[in-house]
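Below: one structure, written as structure tokens.
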Amino acid sequence: APLEEERLVLAAESAFSRARRRPDETLRWVGCHLDVADSRGLPEGPRSFGHTSQACAAACTGYPLFGLQGGGQCFCGHAYVGGANHTRVADNKCGHVCPGEGGKLPARLCGGGWRNAVFAQSGDLLPVR
């Protein structure tokens, strides 16, 4: 069954290709959202500084959402907490592009002061163009 063998090889190559995807190839921009200390919009994750979008996505493996705040503080979550303290604001309030991530789409904003640059990640998403 050479045809069946070829189909299996193609399926394996496709699965391998998906498994090798870097986090930045499966990101979708959610938006820039307000945050407050006593009620985090994304309550999980390392909460440490020094992350790029790629590093935060890796630290948040298993979570569909992650956010960067204050130039690289990383947060993760299964859903973004809503309410008046977490409303969406203009994208330009989410700081600058993370170091070394210029030219990527969507823009890899590293978050502003009490502003989460929120991204969705999923291995099922098509690569971002």
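The values are calculated or read from the model by the stated rules, or taken from the named source; none is laboratory data. Remember, predicted model here, so these are calculated numbers, not experimental data. Glycine also receives a Cβ, built like all others from the backbone with ideal geometry; neighbour counts cover every protein chain displayed. Calculation scope for accessible area: heavy atoms of the full protein, side chains included, ligands and nucleic acids excluded. Shrake-Rupley method; radii C 1.70, N 1.55, O 1.52, S 1.80 Å.
Looking only at the range 1-51, residues that are modelled with pLDDT of 50 or more and part of a loop (DSSP other than H, G, I, E, B) come to 16 in all.
If you go through the range 103-118 and pick out every residue that is part of a loop (DSSP other than H, G, I, E, B), modelled with pLDDT of 95 or more and either more than 14 Å from the chain's Cα centre (by Cα) or exposed (fewer than 14 other Cβ atoms within 10 Å of the Cβ) (or both), you end up with 2. Conditions first: (1) at pLDDT 95 or above; (2) polar (S, T, N, Q); (3) farther than 11 Å from Ala117 by Cβ. Gln73 passes all but one, so which condition is the exception? Going through the list (1) at pLDDT 95 or above; (2) polar (S, T, N, Q); (3) farther than 11 Å from Ala117 by Cβ, Gln73 breaks only (3). If you go through the range 76-92 and keep only what is touching a helix residue (DSSP H, G or I) at 6+ places or on another chain (Cβ under 8 Å) and open to solvent by less than 10 Å² (accessible area, probe 1.4 Å), you end up with just Cys76.
Within the range 56-70, the set of residues being open to solvent by 10 Å² or more (accessible area, probe 1.4 Å) and either in contact with a Lys or Arg (Cβ under 6 Å, 6 or more places away or on another chain) or under 14 Å from Ser122 (Cα atoms) (or both) comprises Ala58, Ala59, Thr61, Gly62, Tyr63, Pro64, Leu65.
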